[in-house]
Amino acid sequence: MISNDCADLKFGPGSSAGFSAAGIAAFDDLRPAAVVRELVQNSLDAARSAGVPKAIVRFRLASVARDEIPGILAYEAAFRNALDRQRDPKTGVLPGQAKLIADRIEAALAEPHLEVLSVVDNGVGLDERRMNALLSDGVSAKEDRATGTYGNGHFTAVPASDLRYVLYGGVTAGGRRIASGHAILASHYVSGEDHLRGADGFFIRRFNAGESTLYDYATGQEVPDLIHRDLNHIQSTHSHGTSVIITAFNHFLEDDRSLWSMVAQAASANFFVAIEDGTLEITVDDRRFGRDTQARTLNSSTLREVLAEHQDQKRSGAFLSGHRAFHAHRAFRNGRRNAIETEAGTITIHLREDTEATTRIDLCRNGMWITDDRSSAGIPGFYYKFADRAPFQAVLSLNADDGRDLHELIRIAEGPLHDSIRVKRLPRADQARCRKALGEIRAWILDHTRAIQSDSYTPDDFLTLDFGDEAGAGVGKSVKGYWGTPVPVDRRPARQLLLFPDDDTQETEPGKPDPRNPGQRRSPNADRSRQRPSLPSLFQAASRPIGKHRRRIVIDCFRDYPDAELRLIADEAIDATCDRPNQDPYMPATLAN
């Protein structure tokens, strides 16, 4: 036990670990959405525990002198000792990933001023029990009604600090203050000691040997000034709350984006339910010298505008893309609201028919987006049941107050980042209850969505289709099974495709000679004026394989057309049942007979 009673950054005895230890490897992907999600989720849970109607979260970025960071001298000494131990004895260099981490630390320590991101809220605050859980791995002090489950979410913010050093402070309703911090370096030796120090350092007064108390924390007047200033703001504004301070904030390694852009996009996409309902408000305030000091707020009044700014973003990188979030929020805001009672609890469904979008079902819990049915780790067995329905968007909103057992089942089935559902995580008996509840929800959606309208017919053998591309099916081997539901094609294509370019095929300007038709001039906008042909109800078509890369197409018509024309079009999202746009390759085709 280390006996020094002054609050400082202290590394206790531990096992061997390097700079790139596995402890935070799962959280080392610096996605702004992951960090913002975790910080805001914790604030939502803390506000719920405090009984306040709205969680108010402020992201404040400032520049502070390096020497203001609590424990910075002890940090630098531990870092130098860790370097000495982790370097290769022969070459004197660190392994690749460890060198990248160490170089960032070196660069940060060389700066006289460092950028510090503070995230403060109006939640229940921190006491000794909550601080113990916060600094532990896999221990949670949250209530069962909370969004978090795993008790290791604090690791998410660590890679956002180039020092890998995060500070915590809290003030409770009674005015009691507490502070701590967690730095992750590498195991090392201290001069004059035989035992190895661990990679984890804590800003504390001392380590305790007792089972009930892990550490003696800085309290009252011992709270460092950097944390003390945040707690003053919290106490004067809300009377209770928590501050999370990310030292040497690295902007998630996205220097080309403003803090507002990153926080607003991530929060609006992942918490649109809580923000729309008025239970969450987020302010971003950049206090750095020479920056715009006007704080900006994301709330129910500005949410739609923020989502609209990012609606063209279709690549998400993580969680919801801007495009998907915009449509999910529109369904939540404008869809028909229905409270569905299952045997396990009540869930609210916002349902909106949307012929311009792809069918989507999103699940939100306690105001935070969790998953969608299209993801491989999404709501099990949902999507394929709706392939014959007209396109719709549905948002399932589950909260602790109404969800009862269903809320707990879903909460436990989530992963550590709360972005997937695995029913297999539940005990066997609970798996059956969860699947039954999801089945009740699925049945309700089927009853309240419109089936795709298509002409009825009695198929002959040639309509039992096979696309013979499955592994092991064999050349031309027929596997009977219908390919979706025949649907009249009446939508314009997203773009015209130059399907089979030859070496001598060239694009020409309007009015210029057309190399494909010598002596003729190309008409203006020829490709752009082409309409996709519709398939009248008088026509039916089907296809089946008759050999490798060969297919027989049969067309039937119920009346004569003297000048009928056949056009084969390779396209994406050709009908309402397509769930794999942009995935299937196009192959050249020739016609015979």
What FRET efficiency would be calculated for the residue pair His113, Asp277, taking the C-beta separation as r and a Förster radius of 41 Å, to the nearest 0.05?
0.55
Which residues' amide hydrogens lie under 5 Å from the amide hydrogen of Thr371, considering only partners 5 or more residues apart or on another chain, with H built in the peptide plane?
Leu363
For Phe289 and Asp137, extending 7 Å from Cα along the Cα-Cβ vector and measuring point to point gives, in nm, a value of 4.1 nm
If R0 = 25 Å, then Glu356 and Gln431, at their Cβ-Cβ distance, give a FRET efficiency to the nearest 0.05 of 0.10
For the peptides 430-437, 106-113, 200-207, what is the packing order when you average, over each peptide's residues, the other Cβ atoms within 10 Å and list the highest mean first?
200-207, 430-437, 106-113
Consider a paramagnetic label point 7 Å from the Cα of Arg129 along Cα→Cβ; state which residues of the stretch 34-52 have an amide N under 14 Å from it.
49-50
Hey, can you rank 343-351, 254-262 by average C-beta count inside 10 Å, highest first?
343-351, 254-262
With labels modelled as points extended 7 Å from the Cα through the Cβ direction, what inter-label distance (nm, one decimal) is found for Asp447 paired with Ala390?
2.0 nm
With labels modelled as points extended 7 Å from the Cα through the Cβ direction, what inter-label distance (nm, one decimal) is found for Thr297 paired with Thr219?
3.5 nm
Would you mind getting me the FRET efficiency between Leu253 and Ala65? Use the beta-carbon distance for r and R0 = 25 Å, nearest 0.05.
0.60
Accessible area per residue of the stretch 256-357 at 1.4 Å probe, in Å²?
48 Å²
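Heavy atoms only, probe 1.4 angstrom, no DNA, RNA or ligands counted: give me Ser243, Ser49 ranked by accessible area, highest first. If you can, show how the numbers build up before the last one.
Details: Ser243 0, Ser49 55 Å².
Solvent-accessible surface, decreasing: Ser49, Ser243.
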How much net charge surrounds Thr348 when only the other residues with a Cβ under 12 Å from the Cβ of Thr348 are counted, with Lys and Arg +1 and Asp and Glu -1?
-1
Ordering of 388-394, 128-134, 548-554 by packing [mean C-beta count within 10 Å, highest first]:
388-394, 128-134, 548-554
If Lys and Arg each add +1 and Asp and Glu each add -1, what is the summed charge of the other residues whose beta carbon sits under 13 Å from the beta carbon of Pro224?
-3
Could you calculate the contour length gain from Ala592 to Cys557, that is, 0.36 nm times the residue separation minus the distance between their Cα atoms, to one decimal place in nm?
10.6 nm
Could you pull the accessible area for Cys6 with a 1.4 Å probe, rounded to 10 Å²?
90 Å²
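The values are calculated or read from the model by the stated rules, or taken from the named source; none is laboratory data. Computed from a predicted model, the values in this text were never measured in an experiment. Glycine gets a Cβ as well: all are built from the backbone with ideal geometry, and neighbour counts include every protein chain shown. Side chains included, ligands, DNA and RNA excluded: accessible areas come from the protein's heavy atoms. Shrake-Rupley method; radii C 1.70, N 1.55, O 1.52, S 1.80 Å.
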